[in-house]
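Visitor: The structure is given below, and queries will be raised subsequently.
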């Protein structure tokens with residue numbers, strides 16, 4: 001997962017909460033993030049770290065032979081700490097990104113769905129699944145639109161070219177222009193979406 005600071009200011013000390021579905025577990029000690037080429041451990045937010053530690057202590061203190069078992073409150077806290085992680089990010093300068101990695105154990109065969117919440121505005125996330133979808137969309141868009149832009153002038157190139165060699169050269173030039181035009185329109189569209 002990547003976290004981008006799209007705001008016009010540097011952000012100091014904020015929290016990020018990641019939640020996953022039932023049946024999945026985030027391993028708390030597996031988190032790392034990369035900031036300015038430095039790899040650092042993820043620091044849990046203090047309140048969440050206390051809740052996690054107290055829940056683990058209570059679970060370890062349960063006697064398996066005891067009759068009453070686990071209370072609903074403890075079960076709720078166990079479920080919460082297994083499916084959530086709240087961590088602190090010390091700072092994130094404008095136009096900078098952080099790359100996060102952590103282990104998620106899932107009983108599902110599909111990639112886990114992440115719900116990401118920030119304590120500050122101006123942040124954007126890019127998960128691996130979003131990035132793959134974006135790359136697929138870009139490939140499809142570039143392929144279809146460049147084919148269209150290439151095909152439109154072909155009849156006039158063929159009919160108005162003085163010779164076959166001219167037609168070949170103009171067709172090669174047309175394919176290059178069509179490809180570049182498709183890329184330009186794609187990135188212009190992304191720029192408009194970010195501004196809007």
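What follows is calculated from the coordinates using simple rules that are stated; it is not laboratory data. Keep in mind it's a predicted model, so treat the numbers as computed, not measured. Here the Cβ is made from the backbone with ideal geometry for all residues, glycine too, and neighbour counts use every protein chain on show.
Visitor: Note the full-extension length gain between residue 21 and residue 156 as 0.36 nm times their separation in residues minus their Cα-Cα distance, in nm to one decimal.
Guide: So the chain would gain 42.9 nm between residue 21 and residue 156.
Visitor: Quickly work out the residue 144-to-residue 104 label distance, labels modelled 7 Å from Cα along the C-beta direction, and quote it in nm with one decimal.
Guide: If labels sit at residue 104 and residue 144, their model points lie 2.8 nm apart.
Visitor: Can you sort 55, 34 by how many other beta carbons sit within 10 Å, fewest first?
Guide: Ascending Cβ contact count within 10 Å gives the list 34, 55.
Visitor: On a full-extension model of 0.36 nm per residue, what is the gain between residue 50 and residue 2, subtracting their alpha-carbon distance, rounded to one decimal in nm?
Guide: 14.6 nm
Visitor: Take the Cα gyration tensor of segment 132-195, multiply each eigenvalue by 5, square-root it, and list the three semi-axes largest first, rounded to whole angstrom.
Guide: Here the semi-axes work out to 30, 11, 8 Å.
Visitor: R0 = 35 Å: FRET efficiency of residue 88 with residue 61, Cβ-based, nearest 0.05?
Guide: Calculated transfer efficiency: 0.80.
Visitor: Between residue 37 and residue 191, what is the label-point separation in nm under the 7 Å Cα-to-beta-carbon projection?
Guide: 2.9 nm
Visitor: Let me ask something else about it. Tell me, what is the FRET efficiency for residue 175 and residue 72 to the nearest 0.05, using R0 = 45 angstrom and their Cβ-Cβ distance as r?
Guide: 0.10
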